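I have placed the structure first, in the form of structure tokens, so that the comments after it can refer back to it.
What follows draws every value from the coordinates through simple rules; no lab data is involved. This is a predicted model, so every value here is computed, not measured. No Cβ is skipped: glycine too gets one built from the backbone with ideal geometry, and neighbour counts run over all protein chains shown.
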Amino acid sequence: MKTALIVDDHPVTHIGCGQLLRDLGYDEVFEALTDREAYRLAEAHRPDLIVLDLGMPGVGGLNMIGPLAARAPDARILVFTMNEQTVFAVKALEGGAGGYLSKNSAPEDFLEAVRTLERGEMYLSHKVAVSIASMKIGGKADPISALSEREHQVLRLIGRGEDLQSIADALCISYKTAANTSSTLKRKLGARNTTELVRLAIETGLS
């Protein structure tokens with residue numbers, strides 16, 4: 001029996017992906033709208049496949065890959081997201097994902113991605129694969145890719161318009177830590193103020 005887990009905060013995605021997965025022979029398709037639901041279902045059912053959106057609220061999908069893999073070690077993880085930034089595809093693959101697919105792709109691409117992961121192979125859309133190859137050949141370092149996990153989390157919340165106290169509360173850190181991280185982000189990204197950090201977060205698809 002094949003089982004899958006869809007982790008996405010948009011119910012319409014569950015409907016579409018669920019039908020496609022059932023067409024591929026998945027007997028049970030579990031659905032999670034939050035990170036807590038995802039962790040619980042992954043541990044309880046140990047699915048064969050996890051379809052994960054990077055734009056999950058809270059910690060974000062990128063930071064969920066490791067915990068999900070730990071709870072369902074045999075699962076193949078397909079990142080299915082609107083974020084087409086190459087750096088996030090690289091980070092997702094480095095974190096343990098087996099595939100990366102844009103939500104702008106056709107249903108046939110989704111089916112092919114799942115089949116590829118089922119064969120134990122990595123799946124990348126042509127556009128992402130070319131971008132990754134170009135990045136490696138050119139040796140260009142994206143400053144976003146150099147950020148730590150905590151810095152990613154803070155930048156993402158800044159992009160959503162959260163103030164420092166709200167960020168501290170959401171991430172369970174002190175106000176001072178949130179403020180220091182914000183200052184570090186400005187230095188690393190060359191931002192003169194918080195407004196520029198918000199713009200960068202939006203442009204890179206973090207918000």
How do the peptides 118-126, 59-67 rank, highest first, by the average count of neighbouring beta carbon atoms within 10 Å per residue?
59-67, 118-126
Any chance you could tell me what percent of the C-alpha pair distances in the range 143-203 go past 16 Å?
32
FRET efficiency, 1/(1 + (r/R0)^6) with R0 22 Å, evaluated for Arg46 and Glu112 via beta carbons
0.35
Could you give the length gained by full extension between Met1 and Thr177, i.e. 0.36 nm per residue of separation minus their alpha carbon distance, to one decimal place?
58.7 nm
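Semi-axes, largest first, in whole Å: what does sqrt of 5 times each Cα gyration tensor eigenvalue give for the chain?
In descending order the semi-axes read 30, 20, 14 Å.
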On a 0 to 90 degree scale, rounded to 10, what angle separates helix 11-23 from the longest Cα axis of the chain?
30
Positive-end residue of Thr86, Leu68, Ala97, charge dipole of the range 51-115 with Cβ unit charges
Leu68
With a point put 7 Å past each Cα toward its Cβ, work out how far Arg187 is from Ser166 in nm, to one decimal.
2.7
Within the set Arg46, Arg150, Arg187, GNM on the chain using Cα springs under 10 Å gives the largest fluctuation to Arg187
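Compute, for the range 143-203, the length of the dipole vector about the Cα centre, with Cβ point charges of +1 (Lys, Arg) and -1 (Asp, Glu) only. Units Debye, rounded to 20.
The calculation lands at about 220 debye.
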Helix 194-203 versus the longest principal axis of the chain: what angle, 0 to 90°, nearest 10, using Cα atoms?
20
Choice from Lys176, Lys103, Lys186 with maximal GNM fluctuation in the chain (Cα, 10 Å cutoff):
Lys176
